[in-house]
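Structure first, commentary second.
Where a number appears in this text, it was derived from the coordinates with a stated rule and is not lab data. Keep in mind that this is a model prediction, so the values were computed, not measured. Using ideal geometry, Cβ is built from the backbone for each residue, glycine included, and neighbour counts are taken over all protein chains shown.
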Amino acid sequence: MPQANASSAPLPPASHGSGSGWFAAPFLRDSFIHYFTPVYPDAIQAGGPRHAGRPCDNRQNMLRCHDVSKHFGQFAALDNISFDLEGGICALLGPNGAGKSTLLKILSGLLAPDSGEVLIAGHDVAKEPLRVKRSIGVLPEDLGLFDALTVEEHLELCGPVYGLSHQETRARAGALLRILGLEKGRYTYLDQCSHGMRKKTALAMALLHNPRVLMLDEPFEGIDPVSSVTIRDLLIAVSGRGIAVFLTSHALAMIPQLATEVMMIRGGQVVFHSAAAELARPLEELYFDLVETPQQEDLPWLRCERS
């Protein structure tokens, strides 16, 4: 891992705890490297810049999931899930507990399935984990952030792990911070950030190394309206340049503006998969019919008694 250059990388103006960020806390550097080491071990050892860019091969499926199942004890979280994603933006919809986050963890290699196969850009997630991790950008359910690092420090640490030079990391980080509305909060420590700022920081980390496939768990949850539109437009733009996007969401109103494919999952099984342009009815109607019907029961005791 390259050493930080204190003369060229500005320190945040405020102290945090007994030191200033990760420069004063080597154990945080070690934890961060341990978390990301499988991604680019040669870059960590040599410290040399590695270009993350590569030509897109549109002849192959960017994401293939075949007969994937996962049980937790007797509970079937996923039951023989199969689908292909050649490109574009695929939105996975479903109620809480349907298996969305479990599926995303399996697709990104964070969780092993009980059975089945996952291929990312032609590489087997189980057999070629290093190649897969070089190719994907992940916004995980738990975000994977460190409270004692600033927003900017997360990106400065992340870039070299993926083989980017410090100069390229700063340039890309600066652009991401501007686009995602994080520039004014770049020196803010994560334990002082709002949930929305934390989520946008994790999204910036997923985008930083120019992945072939983006896997995003609830990218619009907890995000303000302006940032939601910015993220929507950004995902549409990168998808148009060949990056495949697979995301989970409860934001039914946003999906028709964004997705090229729609999948619905219920009880660990895919109950609907269609091109977004071919939906026969409004998405909300399909969801309520196929996945979950809203409860209509009233609570008459919730009222304001007037004297």
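Structure data summary
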quantity	calculated
Full-stretch length increase - LYS184, HIS71 - with 0.36 nm per residue and alpha-carbon distance subtracted	36.3 nm
Computed FRET value (nearest 0.05) for HIS273 with ASP191, which takes r as the C-beta separation and R₀ as 51 Å	0.80
Region 216-275: translational diffusion in µm²/s, Stokes-Einstein, Kirkwood Rh over Cα pairs, 4 °C, 1.567 mPa s	104 µm²/s
Potential extension, ALA237-SER82 segment - 0.36 nm per residue separation minus Cα distance	53.1 nm
log10 of Debye I(q)/I(0), alpha-carbon scatterers only, for region 129-245 at 0.09, 0.16, 0.18 Å⁻¹	-0.21, -0.70, -0.91
Long-range amide H partners of ALA126 with built H, under 5 Å	VAL118
Rounded FRET efficiency, nearest 0.05, which uses the C-beta distance separating TRP301 from ASP142 and R0 of 30 Å	0.20
Cβ-based net charge around LEU119, under 10 Å, with every Lys or Arg adding one and every Asp or Glu removing one	-2
Under 5 Å, built H, 5+ apart or other chain: amide partners of GLU292	none
Computed Kirkwood radius, in angstrom, where 1/r is averaged over Cα pairs of region 68-134	12.7 Å
Net lengthening on full extension, ASP289/VAL229 (0.36 nm per residue, minus Cα-Cα)	18.8 nm
Per residue convex hull volume, Cα atoms of region 243-296, in Å³	96 Å³
Isotropic mean projected area of the C-alpha convex hull, region 171-307 (nm²)	13.1 nm²
Under 16 Å from the Cα of LYS70 - aspartates and glutamates, other chains or at least 8 residues apart	ASP79, ASP114, GLU117
